[in-house]
Each structure stands twice: as C-alpha cells, then as structure tokens.
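Right, one structure below, let's go through it.
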Amino acid sequence: MVKAANSIADILVIDDDPIIRRILQRMLQSQGYRVAIAETAADGLEQALVITPPVILCDWRLPGSIDGLEICRRLKEHPDLSMSSFLLITAHAETASRVEALEAGADDLLMKPIDMAELKARVKSGMRLCQLTRDLKEQKQYLENELAEAASYVQSLLPRDTDQPPVKIQTRFLPSQQLGGDCFDFYWLDPDYLVIYLLDVSGHGLGAALLSTSVLNVLRSQSLPGTNFYRPDKVLESLNNMFQMTAQNEKYFTIWYGVYNRVNRQLMYASAGHPPAVLLSPPPPTTDVTANSNGGGAPMAETMRLRTPGMPIGMMPGTTYTWKRCSIPDNSYLYIFSDGVYEVPETSLAETGEILGLDSFIDHIVKCPRPGQLDQLISHAIMPSIDVGQDLSDDLSLLEINFS
C-alpha cells in the first residue's frame, strides 16, 4: 500500500538500490522537493497512480518482469500521468538504447554514474516541462469549452422545425469537430411570402461562425438598406456589397436564397456558389410504373435542381446575380443543404480519397421514403466517414420543406 506520507510528492524515485534511493532522496529534498520512493516496479506504478508527480526518476534495470522502459510505456499511456516528465536512469550509452528509451516515451535520460549538477538541471527542466504541459492542457480545455459554448449559441439561433400548413419544415444541423460556418433560417415576410435560405462560410473556427451569425442577423432584421427582400437576386447583391472578403478576414460564403408565394405556389430563388436545392414533385398520373420506378413499384418523383449561376458572396465587388422562378406542385418536397452532406469519403473508395459526391446524394434523396426521413439522409452522408474512422470535417446542414 502507498504510505500516507507519500500521497503528495513532487518527485517519485523508483530504484531497487537502497543506497541510490537514499542519495537521490536526500539530494532532492535539499533542493526543496517533496520526494516519494519506491523499491519495486509494482510499488512504483501504484505510487505514480496515486501521487501523479510532475517528475519520475526510474532506473532502467529493475528486478522482475517489469523494467523501467515498461513502466515508462504504461505511465505515458495513462491520461493523468502522460504529462509527467519521465527521466530514465541508465548505464547504456549506446545510441540504439537512447532511441529505444525516447520511443518508449522517456522525456530524458540520466547516465550512470549520476552527476549531481546534471541531475538538478534535468529535474528542474522536467518540473518546468510538466508545468507547461499541464498549463497547455488546461488552456486547450478552456478553449474547447469556449468553442462548445459558441457552437451552442450558433445552434440556438437556428429556427425550430414547423409542421403548420401550408409549409412543413424539418431541419438537421450536425456540427463538425470544429466550429463551422453553416447557418440557415426561414420566416414569413408577410402572410403570403416565405423566405428560406442556407449559407456556408468558407473555413472553420470562430471567424467563420461569427460571419455566419452576422449574416443571419442582417437578414433576419432585414438590415440591408434599399433592398427588396422579395427579390432573391437583389438580396444577394446587397449581401455581396456588405460582406466583401477583404473586410471579413478573407472569408466568403455561399448561399441559396428562395422566396415562396403560397397564393400562386411560385418559388423565386437565386444562389451564389451554393449547391443546388433539389425539388421533388409527385409524378404525373399517367406515369408508367414499370418504366419509372425505384424498384419497389412506386413511381419515381420528378426531380429539379434549383440553382442559378453566381460567384460566392464577398469574392468580387459589384457582382450581379440572376433569379429564377418555378411552380411548386402540391405535396412537393424541397431539399436545401450544405456541401458537408456529400463531400465525405466514399467507403468503397476511401483509399483513393474520392468523395460521396453530389449526384450520389441526390440519388439517395430521390430513393429515400418521405415524409420526414431526414435521419436516413444524414446517415447516408455520415456513415462513410464513420466506416473509414474519420470525424466530420465540415458542418452538415439539411432542410426539408414540404409544400402541402
């Protein structure tokens, strides 16, 4: 059992030689360090787990099946001890031995016979290294908490799903490991006109998130001077004038922006470098089931890709954008998404680095049951990444709008 007196220590000495232990203990204590000692490998491992000392001095050669090198490996694999400076005491001066020790995780080596001045310097350096490592870990944890809080804030700004006719909207937002720049919104300009948009800022991190939320706030508050928010092309032109990348830390964004008139069932839309929205309409009543089916006997939906040409917002001042209009048949479905849903590695082609691709994702949209099967679409997008052992490298945003 670990002695209570050793429950707090700056340095743990593991050595089977009682004379060496005593010399090291007295010398280190004279320097003001609190020292714990262990005679065996098992005792050393036990004490290290309890004390978690900043510095561990361990002899390479120890009796039994566990030597100093193995102790080093085990302790460096432990999350609470990986930051401790491990100094291996050895008589081996060969380069191969030093390389073996460093590869096992040793932070430094002390050659026998031990020079006391060198020992003091290396222990002092080890204490400093451990403190710096712990400070970096704390700072990293602090930054991760801050980014998580920022991500929660961004997510809190996104609209909630609605199932109220004449338009039912479901959404999915799956952030990547890093804070990203996806954002979307929908709201009624008046009782007859619904705005729907999704934007994706270039890059990752706090800067991308700040820009995306800034654009969302500008659009939500309709703070673009002299802009007709019923005209998608004019909205994009105003955004381009306001958010030039030269004033946004070289960040730009893509966007798909649409305005739906529920009275005449017309959708006006424009896009700026963004993936096309996909409109699925019920097949005509005369559709030949045998010739146009998805394998289950059901007629295939008619598919339209809704996109207009245009550079991403912020790339070039004075850019003009065009808009288009389409009719929305009853019980149609509109899908709007960011490129994170299809720019993921294809499982079968992971070694070549090929991605799932837009066409493959749209094919899956067509085949996926409706309504409200967004989780199946999300699984189709993220499963390839899971299969090849990768985290999502980009935010994933997806909207399904059912025009009932």
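The values are calculated or read from the model by the stated rules, or taken from the named source; none is laboratory data. None of these values were measured; they are calculated from a predicted model. FYI the Cβ positions are ideal-geometry reconstructions off the backbone, even for glycines, and counts take in every protein chain you see.
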Checking Thr133 against (1) under 25 Å from the mean Cα position of the chain (by Cα); (2) surrounded by fewer than 16 Cβ atoms within 10 Å (Cβ to Cβ); (3) of a type in the set (Ser, Thr, Tyr), which single condition isn't satisfied? (2)
Looking at (1) over 16 Å from the mean Cα position of the chain (by Cα); (2) under 27 Å from Tyr260 (Cβ atoms); (3) free of Cβ contacts under 8 Å to residues at least 24 places away in the same chain, which is the only condition Glu138 fails? (2)
Over the range 153-173, the set of residues surrounded by 17 or more Cβ atoms within 10 Å (Cβ to Cβ), of a type outside the set (Lys, Arg) and in a strand (DSSP E or B) is Val167, Ile169, Gln170, Thr171, Phe173
State all residues of the range 349-375 that are surrounded by fewer than 11 Cβ atoms within 10 Å (Cβ to Cβ), modelled with pLDDT under 75 and assigned to a helix (DSSP H, G or I); if no residue qualifies, say none. Glu351, Thr352
In the set Thr52, Thr90, Thr40, which member is hydroxyl-bearing (Ser, Thr, Tyr) and either crowded, with 19+ Cβ neighbours inside 10 Å or in contact with a helix residue (DSSP H, G or I) (Cβ under 9 Å, 6 or more places away or on another chain) (or both)? Thr90
Which of the strands (runs of 3 or more DSSP E) contained wholly in the range 8-103 include at least 2 residues that are within 37 Å of the chain's Cα centre (by Cα)? 55-59, 85-90
From the list Gln248, Gln222, Gln266, exactly one residue is surrounded by fewer than 17 Cβ atoms within 10 Å (Cβ to Cβ) and in contact (Cβ under 8 Å) with a residue 60 or more places away in the chain. Which is it? Gln266
Within the range 316-333, of all residues that are buried (at least 17 other Cβ atoms within 10 Å of the Cβ) and touching a Phe, Trp or Tyr at 6+ places or on another chain (Cβ under 7 Å), the one farthest from Leu399 (Cα to Cα) is Trp323
